[in-house]
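The values are calculated or read from the model by the stated rules, or taken from the named source; none is laboratory data. Small disclaimer: the values here were computed from a predicted structure and weren't measured. Note that each Cβ is placed from the backbone with ideal geometry, even for glycine, and that neighbours are counted across all protein chains shown.
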């Protein structure tokens, strides 16, 4: 119940209508908002399907997250499991196919707040990618029906991205046609896999394969870890949760210790390589195919988690910035909407432009992924895999860095209220910051080559000539190589934005407003990397001043459409979880309402204060 | 109890000795570590006092925070109150004066983890600063004995830094010699004050003073809000917690609604201005004195919270980087310590240099503050206040920005484990990020003037000549003005570092190692702002390359002393709260040990999984 305040008649925000300060922003957009929504969704039909899916989810109380900021980890975890189970039921009930559009939208709307993300997003797809037909037929239906819950156990306590360093071993014993799994030391404990800590019954264990006395590198094995009867861990298995993280409280990231655990020969996923009954190792394709599921996960992350985080932060910050008034730009007038300050526009509008730039890039990249997938599956042609891998790593690293920084910029632009969890912004940041961690910059650096950039090549060469050994030279130029990789990705993104705009000639109204964002993105990129352009004289200081001036003009152009542009992302209030960023603009009322629900307000700490006054 | 793993003999980390990988880093430091510790503490005697205080705190189980990552908000709050009460007891028992060195160290060690931070750090000092002798004599002893708990209620739901916009009113009624307090609308609710949500019995309310029909601006009033008998809120008072935040879960930041609340005339703090019995307003000093307590809070934040956050992050990240081995720099060798990679040094060592630069700056600034305080108190001389205010705002904004970014850089440099709360790094970030929020860049911008930088002045002038009105011109140049302010602070810090080094001539060994950090700080500053230097031809691209090369050489110099340099900060493991950054370097063992304590591991969710298997 709400606190009673006699002076004001506090009514529920839901009956207040729309805050006039945000309403006035929507009266005359320069473009048809719905058409931009359709463009982002990939067509009007997809917009309709998405809204249909969202309305079903929003109307089911199991999916409600009104209390999300007030729960313990265990409560959050249990809620996410309930949602996962309910979603399965809904999908059966409504006949949504597992790979269908509805399911895709449902998973995207619920995101990490529904359990079994690794089960659905990695365990099942990896079996499909790396398994043969018999394996797919055996395991996938069980998994889809939640008869088993799977995790993907790759990362170890002591090893992350350096896969060759993984220490878990799987040794083939031809005498009983079994693999024996072991972890030689503490650092080889599997650590971090999602859905593992409390949920998983099975793990897809990535381990060094030994057969006939020889190590054949990393392969994937299906290992049952918990009883299907009482969920207790099986002999030789030690499993648990790794403890709290910066976010993803609802996910049971876990640890797994396997000691002398035996699994049948058929449990090795063997589409691309196999151990025959006598122990002979047989290879049937590229060494690098095992990386493909990682590439897929990475790609999905871009569209499902990383870009939406920045998009939502923009929605919240821009809406809040038209209802928050602070100080006066002109003496004697009302206090000014903070979005009317150039400093605020400078913080927020480049982020908005970035969302569009990244969205279009991700769309193009997904198309490329699907192309490569077809090449591999239909023609056994792995030739595009290295490029796919390099580009996915580079984009993943750049986009997650930029989106994290952008979300944090949006959060800080909301001042004190941006620090309240109720604003929705801290969680957006701490989640997207997690996505930066999956891949280090090292990956980018290792995969991108020095031919990109003259300077790094020159430095590498001169170091080699000066007698420094090659490996030291590689490390010494790593910073330049990383810069080169970023520059290459940045160029690809701008180029892709420009091409996307050129295809919009039949929609001049939305082309016009998006062209402003395209220009703003390009100019902001130049300004953010001005040093690079000035360094070798590609630009003069004066030219840079012109860029700065043009950017300022573009900010003014974006201002009048800013709220309509974020409205076009079409996130419902239920997806934003923000007291300050809701569609109706009633930021203060909602902060006040939501705060009442905090468990801290449940009881006055009497006993504590009596104790306190007696002891001092 | 620990999970039993039969293969390895897992013993408690406390009996393991020191990890050889970190031990080898400490065998031959190029400087006497203890002398740097003394320098940072301000002398060997202060080091001894600090260690004495820390040993007392570390040996008292009430202060133990072994379970800090596993508690609910209410539990964290209650723990912080218990610590605050225990600290008071200890201080009485040991005879530590309130303003004494021991108390200062105790508060610094416990930081925000002890309740009543606003009570001790703002409520009491503000009464001392703004109150007359009678007021100090009445209220301060009660507060020091925790007979009353005070908060500082300034920020409102709708207004933060723009103090003139605050809406709470205090109206003097000469008929009964009382002030009447009111909040005219929702946006005037006091929002954010620490210690308010559940603890405070009294609030120092900042409000617009009305007397004889005229508004005299913001003044401070002592208002009782809760009963001293049963802690219930008094008539006309609505008070509660504002809900969860990005961090500071243990702090009961609160909201406060005052409706027609009457307080006696004596409750206005009246050292510098007063309302006489007939309602006449009398002023006795600078208008701006009310800002002084804000300046003091800000200054304390630098040394007590902001710089230590980056220092601790450096300790954790650098120690972890010598026990984490990943990939191979030279084929055939052991995996490489990640601190041996140039990319890692590039991330971490500039942060380390920054800690020293900021520490020396904060020391100098505190000396300046004390000087101004003496000027005001003894001579009534307010002439330095504007400069103090401007510099404190500028330093606060710059240092909190740089430290936040630096902590996050350290956190990410620790890869996946840096995302675990158990690493200690996420909390350091989410706390120090809070310190960025108290003051917006607007403050800097407003306080620093255009005479700092030619370009902004020129642009302002040309805009004025072109007929744009002055307030628009001010907003348009705000970005350049903010840059100028940052550049000015940056210069002050480098300058201060150089001066500090020049005073170390009698200690050549520590001067030598710190000079490397001084150079690294200066060069990193140039590289981070290379655009500025290139823009107007202060530097050529070639000169910048030389800076880059020099910086690389400096990284190599820092490498051999890196662990000893962070050891010199002398943070005990109890202060770091980090599984991966402890002195003994047993990162993996401690992660594994601590994870077992997570409530998520308390029980297997049987019921949930039985429900799950039945419904699908």
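Within the stretch A:233-249, the set of residues being without any contact (Cβ under 8 Å) to a residue 60 or more places away in the chain and at the interface with another protein chain (Cβ under 7 Å from one of its Cβ atoms) comprises A:238, A:240, A:241, A:242, A:243.
Checking the stated criteria, residue A:310 turns out not to satisfy the condition of being over 29 Å from residue A:112 (Cβ atoms), crowded, with 22+ Cβ neighbours inside 10 Å and either modelled with pLDDT under 95 or out of contact with any strand residue (DSSP E or B) (no Cβ under 7 Å at 6 or more places or on another chain) (or both). Counting just the residues of the stretch B:149-169 that are in contact with a helix residue (DSSP H, G or I) (Cβ under 9 Å, 6 or more places away or on another chain) and free of Cβ contacts under 8 Å to residues at least 40 places away in the same chain, which one comes out nearest to the other protein chains (Cβ to nearest Cβ)? Filtering the stretch B:149-169 for residues that are in contact with a helix residue (DSSP H, G or I) (Cβ under 9 Å, 6 or more places away or on another chain) and free of Cβ contacts under 8 Å to residues at least 40 places away in the same chain, the one nearest to the other protein chains (Cβ to nearest Cβ) comes out as B:162. For the stretch B:204-219, check the following and say yes or no: at least one residue is under 30 Å from residue A:71 (Cβ atoms) and part of a strand (DSSP E or B). The answer is no, given that none of the residues of the stretch B:204-219 is under 30 Å from residue A:71 (Cβ atoms) and part of a strand (DSSP E or B). Mind checking whether some residue in the stretch B:170-178 is modelled with pLDDT under 95, more than 14 Å from chain A (Cβ to nearest Cβ) and crowded, with 21+ Cβ neighbours inside 10 Å? There is no residue in the stretch B:170-178 that is modelled with pLDDT under 95, more than 14 Å from chain A (Cβ to nearest Cβ) and crowded, with 21+ Cβ neighbours inside 10 Å.
Scanning the stretch B:527-574 for residues that are closer than 29 Å to residue B:33 by Cα, within 30 Å of the chain's Cα centre (by Cα) and within 13 Å of chain A (Cβ to nearest Cβ) yields a total of 3. Does residue B:273 satisfy being modelled with pLDDT of 90 or more and in the same structural domain as residue B:198 (by TED's automatic domain parsing)? The answer is yes for residue B:273.
Out of all the residues in the stretch A:224-242, is one or more buried (at least 24 other Cβ atoms within 10 Å of the Cβ) and under 30 Å from residue A:402 (Cα atoms)? Yes: one or more hits. Of all residues in the stretch B:384-405, count the ones that are surrounded by fewer than 21 Cβ atoms within 10 Å (Cβ to Cβ) and under 13 Å from the mean Cα position of the chain (by Cα). Result for the stretch B:384-405: 1.
Say we look at the stretch B:413-439 and pick out the residues that are more than 18 Å from residue B:305 (Cβ to Cβ) and out of contact with any helix residue (DSSP H, G or I) (no Cβ under 6 Å at 6 or more places or on another chain); which of these is modelled with the highest pLDDT? By that ranking, first place goes to B:420.
Kindly list, by first and then second residue, each pair from a residue in the stretch B:576-602 that is at positive phi to a residue that is assigned to a loop (DSSP other than H, G, I, E, B), limited to pairs with Cβ atoms under 8 Å and residues at least 6 apart or on different chains. From residues that are at positive phi, the pairs are B:577/B:65; B:577/B:424; B:585/B:18; B:585/B:19.
When the criteria are applied in full, residue B:196 fails the requirement of being in contact with a strand residue (DSSP E or B) (Cβ under 9 Å, 6 or more places away or on another chain), modelled with pLDDT under 95, crowded, with 22+ Cβ neighbours inside 10 Å and away from chain A (no Cβ under 11 Å). Every condition in (1) within 24 Å of residue A:41 (Cβ to Cβ); (2) within 14 Å of chain B (Cβ to nearest Cβ); (3) assigned to a helix (DSSP H, G or I) holds for residue A:578 except the one numbered (3). The listed residues are B:252, B:278, and the only one of them that is within 14 Å of another protein chain (Cβ to nearest Cβ) and either closer than 30 Å to residue B:404 by Cβ or surrounded by fewer than 17 Cβ atoms within 10 Å (Cβ to Cβ) (or both) turns out to be B:252. Restricting attention to the stretch B:80-107, the residues that are more than 14 Å from chain A (Cβ to nearest Cβ) and either touching a residue at least 60 places away in the same chain (Cβ under 8 Å) or part of a helix (DSSP H, G or I) (or both) add up to 8. Every condition in (1) surrounded by fewer than 21 Cβ atoms within 10 Å (Cβ to Cβ); (2) within 30 Å of residue A:320 (Cα to Cα); (3) without any contact (Cβ under 8 Å) to a residue 40 or more places away in the chain holds for residue A:408 except the one numbered (1). Could you please let me know if residue B:123 is away from every other protein chain (no Cβ under 14 Å), closer than 15 Å to residue B:53 by Cα and assigned to a helix (DSSP H, G or I)? Considered against the rule, which asks whether it is away from every other protein chain (no Cβ under 14 Å), closer than 15 Å to residue B:53 by Cα and assigned to a helix (DSSP H, G or I), residue B:123 comes out as no. When restricted to residues that are more than 10 Å from chain A (Cβ to nearest Cβ) and either assigned to a loop (DSSP other than H, G, I, E, B) or touching a strand residue (DSSP E or B) at 6+ places or on another chain (Cβ under 7 Å) (or both), the stretch B:401-438 contains 1.
The sole residue among A:47, A:72 that is closer than 19 Å to residue A:571 by Cα, out of contact with any strand residue (DSSP E or B) (no Cβ under 7 Å at 6 or more places or on another chain) and surrounded by 14 or more Cβ atoms within 10 Å (Cβ to Cβ) is A:47.
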